[in-house]
1. Going through A232, A145 one at a time, which residue ends up being at pLDDT 90 or above, under 17 Å from F105 (Cα atoms) and small (G, A, S)?
2. Looking at (1) on the phi > 0 side of the Ramachandran plot; (2) open to solvent by 70 Å² or more (accessible area, probe 1.4 Å); (3) not aliphatic (A, V, I, L, M), which is the one condition that is false for G95?
3. Take the residues in the stretch 221-237 that are more than 29 Å from the chain's Cα centre (by Cα) and either part of a loop (DSSP other than H, G, I, E, B) or free of Cβ contacts under 8 Å to residues at least 24 places away in the same chain (or both), then tell me which one is surrounded by the fewest Cβ atoms within 10 Å (Cβ to Cβ).
4. Looking at the stretch 126-140, can you tell me whether even one residue there is crowded, with 16+ Cβ neighbours inside 10 Å, touching a residue at least 60 places away in the same chain (Cβ under 8 Å) and within 13 Å of the chain's Cα centre (by Cα)?
5. Checking the structure you have, find out if any residue of the stretch 102-109 is closer than 21 Å to H274 by Cβ, surrounded by fewer than 19 Cβ atoms within 10 Å (Cβ to Cβ) and either hydrophobic (A, V, I, L, M, F, W, C) or in contact with a strand residue (DSSP E or B) (Cβ under 8 Å, 6 or more places away or on another chain) (or both).
6. Does Y212 satisfy the condition of being under 30 Å from the mean Cα position of the chain (by Cα) and in contact (Cβ under 8 Å) with a residue 12 or more places away in the chain?
7. Kindly check whether there is at least one residue in the stretch 90-98 that is more than 28 Å from the chain's Cα centre (by Cα) and modelled with pLDDT under 85.
8. Got at least one residue in the stretch 248-265 being touching a residue at least 24 places away in the same chain (Cβ under 8 Å), touching a Leu at 6+ places or on another chain (Cβ under 9 Å) and under 28 Å from E140 (Cα atoms)?
Amino acid sequence: ENILGQIEDLRLFALVVENRSISKVADKLNIAKSAVSRRLKLLEARFGTKLIDRVPGAWDVTASGLELYQRSVQVIGDVDEIDSDFTQTSQMISGPLNISAPRDFGLTYLSPAILSFSKRYPEIQMTVDFDDRAVDLNRENYDFAIRITAKVEDAVVAQKIGCAQLRLCASPFYLKRKEEPKHLNDLINHQLLYFGTARRSVWKFMNNSGKYEEISFQPALNSNSGEFLMHAVLNNQGVAVLPDFLVDHAIASGKLVSLLPHLSVPDYGIYLVHANERRLNRRMRLFSKEMKAAG
């Protein structure tokens with residue numbers, strides 16, 4: 001039997017495992033149930049082991065069957081990827097690509113890279129959802145999500161594309177009315193603006209000795225929008241911890257002042273993530289490469 005026939009047998013076996021039914025696979029492939037059973041028996045004979053235990057009222061994948069399934073999925077994915085790449089080398093790259101990105105970061109920092117990618121590959125139908133909600137990549141129809149976080153959840157595959165540094169800042173005019181803080185506890189006397197919805201909040205900083213210091217406070221203003229908080233700080237409303245991609249330009253131009261230079265906020269990683277089970281097609285790999293370059 002040739003290699004293509006063997007791959008198709010593995011593809012059939014994977015479908016049987018995923019559907020937990022020979023008859024369902026037969027219906028999907030529009031072939032006889034007996035043909036599926038026969039190919040499954042030939043596969044078991046080739047490997048000299050039982051792959052699926054089938055008795056009335058019970059259906060279980062054996063340990064050998066599970067190992068074969070896991071390795072088959074990888075082989076099938078690689079073959080499909082090769083097929084896709086080489087059949088499209090002389091064609092336009094097309095198809096859907098669905099992305100979820102944090103609103104402020106996506107709109108202020110990522111937009112140029114996304115628009116550049118879209119211009120370079122006009123046949124890719126991109127949908128970009130700017131939303132701070134953590135989408136469920138295993139259940140929702142997204143190829144990628146971008147996360148800005150200190151720790152990525154275990155249920156996804158993550159590629160670090162950058163780093164977000166957080167700044168404690170206020171406007172010069174605000175600091176004329178309120179004395180500039182020299183120590184962390186001085187912040188208690190200030191209007192503190194918080195990214196989030198907690199009635200009682202905590203900011204954690206690292207000092208020059210590598211030790212953590214923190215302050216607990218009741219925010220004068222809460223918001224789930226970093227951009228809104230930045231405008232509030234620019235309008236002399238108080239002190240906030242905001243990411244560099246929002247405030248560095250304002251700090252460089254003197255519109256904002258960075259406070260407590262001896263303290264730093266632990267950096268957040270910027271990650272491009274996808275579901276564990278998701279095989280990267282060519283569109284996804286091209287987008288991944290673009291985001292890594294942008295980061």
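1. Answer to the check: A145.
2. (2)
3. Among them, the one singled out is N235.
4. Looking for residues that are crowded, with 16+ Cβ neighbours inside 10 Å, touching a residue at least 60 places away in the same chain (Cβ under 8 Å) and within 13 Å of the chain's Cα centre (by Cα), one finds at least one in the stretch 126-140, hence yes.
5. yes
6. Spelling it out, it is not the case that Y212 is under 30 Å from the mean Cα position of the chain (by Cα) and in contact (Cβ under 8 Å) with a residue 12 or more places away in the chain.
7. So far as the stretch 90-98 goes, yes, one or more of its residues are more than 28 Å from the chain's Cα centre (by Cα) and modelled with pLDDT under 85.
8. Within the stretch 248-265, not a single residue is touching a residue at least 24 places away in the same chain (Cβ under 8 Å), touching a Leu at 6+ places or on another chain (Cβ under 9 Å) and under 28 Å from E140 (Cα atoms).
The values are calculated or read from the model by the stated rules, or taken from the named source; none is laboratory data. Owing to the predicted nature of the structure, the values given are computational and were not obtained by experimental measurement. Backbone-built Cβ (ideal geometry, glycine too); neighbour counts: all protein chains shown. Heavy atoms of the whole protein, side chains included, go into the accessibility calculation; ligands, DNA and RNA do not. Shrake-Rupley method; radii C 1.70, N 1.55, O 1.52, S 1.80 Å.
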